[in-house]
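In what follows, a structure is listed as structure tokens, so that the remarks can point back to it.
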Amino acid sequence: MTTTLLGTTAVRALVEAAGAAPSLRNAQPWRFVFLRDSATVRLYADRGRHLPQADAEERGLHLGCGAALFNLRVAAAAAGRDPVVRLLPDDCDGSLLAEVRLTDTGHRDESLARLHPAVARRSTSRRPIEDDELPAAVRGALCDVALREGARLVFPDALYVRLILQLVRDVEGGASPEAGVPSRERDFGTVPVLPGRSRAPFGDRPRIALLGTVHNRPVDWLTAGQALEHVLLLSTQHGLVTSLAFHPFEWPGARWTEGDRSSAMEHVHMVLHPGHGPQGTPAPRRPVAEVLEIM
Ligand SMILES: Cc1cc2nc3c(=O)[nH]c(=O)nc-3n(C[C@H](O)[C@H](O)[C@H](O)COP(=O)(O)O)c2cc1C
């Protein structure tokens, strides 16, 4: 693998793209170190920006950092690099979330590079989203890219949509998630209540999707974060907007669509509502100089 040098301007552009990623309450809990000699970017969790009340187990922190990592990969591909990623490369340092070697083998992932314009255009929607049916091909493409990243995106059957919405409303309303719901719904198991979170702007019958993974470790959350951003950028490219709700829950053995074995997914990390609607308002970002160190 060759690793010709990258200039400061190019590195700053990569980190600026990474920093445009979504994060829980826009906390931006990341920092980057660029190692010139090996053309390697290290992504660290910035635990000073972790939100312990809303995100006790750090799932949200890892999801946001995974999304930042995905943007970094997209920007690297657009700059003609072939990013080689190792997640959690240091057993002794859990803050080092990923190492990205920016090789220039001549191979360029065109499908990643094509997403680059969407990095700056994407924003989280908090306005009403139309509930017209998304074309099956678009839904399929969104599910495919989540799978390609190692996570799963599922558009649940109507029965589950109602259950999930009830769950979301119970949690948003501060009620116990188990209170007054049918026994089947109690199978949701542990549902962390996240104090002070903004209301999920879902309508009455939204076409929601669940993003999850088979396992539930930090490495799975980083994987899910990359999948989340891949789904969001592809949605943006298709002219869609997406609202998000952070509702981690576990449902052992759940199969979210009838007769589809691949829809099995125990650990759900995010509820997404993609559709047509007004663009979200861009949220401010920390300056690159604050999050990047070059060595
Ligand atoms: C892990 C995670 C959880 C989030 N949870 C919510 C949520 O519950 N409700 C919401 O409206 N937005 C949620 N968001 C979106 C963030 O609020 C948003 O990314 C951030 O404010 C920056 O704005 P932007 O996405 O428009 O750039 C979440 C994002 C991430 C990555």
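Across the stretch 237-265, what is the number of residues that are in a loop (DSSP other than H, G, I, E, B) and modelled with pLDDT of 85 or more?
Selection size over the stretch 237-265: 5.
For the stretch 14-51, how many residues meet the condition of being more than 15 Å from the ligand (Cβ to nearest atom) and among the basic types (Lys, Arg)?
So the answer is 4.
I need a count of the residues in the stretch 53-89 that are in a loop (DSSP other than H, G, I, E, B), more than 16 Å from the ligand (Cβ to nearest atom) and open to solvent by 40 Å² or more (accessible area, probe 1.4 Å).
Residues that pass the stated criteria total 2.
Pull up the stretch 101-126, narrow it to residues that are aliphatic (A, V, I, L, M) and open to solvent by less than 90 Å² (accessible area, probe 1.4 Å), then point me to the one that is nearest to GLY275 (Cα to Cα).
Filtering the stretch 101-126 for residues that are aliphatic (A, V, I, L, M) and open to solvent by less than 90 Å² (accessible area, probe 1.4 Å), the one nearest to GLY275 (Cα to Cα) comes out as ALA118.
Take the residues in the stretch 127-148 that are open to solvent by less than 30 Å² (accessible area, probe 1.4 Å) and assigned to a loop (DSSP other than H, G, I, E, B); name whichever of them is farthest from HIS62 (Cα to Cα).
LEU134
Output the residue which, of all residues in the stretch 266-282 that are open to solvent by less than 50 Å² (accessible area, probe 1.4 Å) and within 9 Å of the ligand (Cβ to nearest atom), is nearest to TRP221 (Cα to Cα).
HIS269
Here is a list: LEU292, LEU244. Which entry is within 10 Å of the ligand (Cβ to nearest atom) and hydrophobic (A, V, I, L, M, F, W, C)?
None of the others qualify; the one that does is LEU244.
How do the pairs read when you match residues in the stretch 73-101 that are over 15 Å from ALA21 (Cβ atoms) with residues anywhere that are open to solvent by 20 Å² or more (accessible area, probe 1.4 Å) and among the hydrophobic types (A, V, I, L, M, F, W, C), using Cβ under 6 Å and keeping only pairs 6 or more apart or on different chains?
Every condition considered, the pairs that remain are LEU87/VAL219; LEU88/VAL219; ARG101/VAL84.
Quick check: anything in the stretch 44-52 in a strand (DSSP E or B) and either of a type outside the set (Asp, Glu) or crowded, with 17+ Cβ neighbours inside 10 Å (or both)?
Yes, the stretch 44-52 contains a residue that is in a strand (DSSP E or B) and either of a type outside the set (Asp, Glu) or crowded, with 17+ Cβ neighbours inside 10 Å (or both).
Kindly check whether there is at least one residue in the stretch 252-267 that is within 30 Å of THR40 (Cα to Cα) and within 20 Å of the chain's Cα centre (by Cα).
The answer is no, given that none of the residues of the stretch 252-267 is within 30 Å of THR40 (Cα to Cα) and within 20 Å of the chain's Cα centre (by Cα).
The values are calculated or read from the model by the stated rules, or taken from the named source; none is laboratory data. Because the structure is a prediction, the values reported are computed rather than measured. Cβ atoms come from the backbone with ideal geometry, glycine included; neighbour counts cover every protein chain shown. Just the protein is used for accessible areas: all its heavy atoms, side chains included, with ligands, DNA and RNA removed. Shrake-Rupley method; radii C 1.70, N 1.55, O 1.52, S 1.80 Å.
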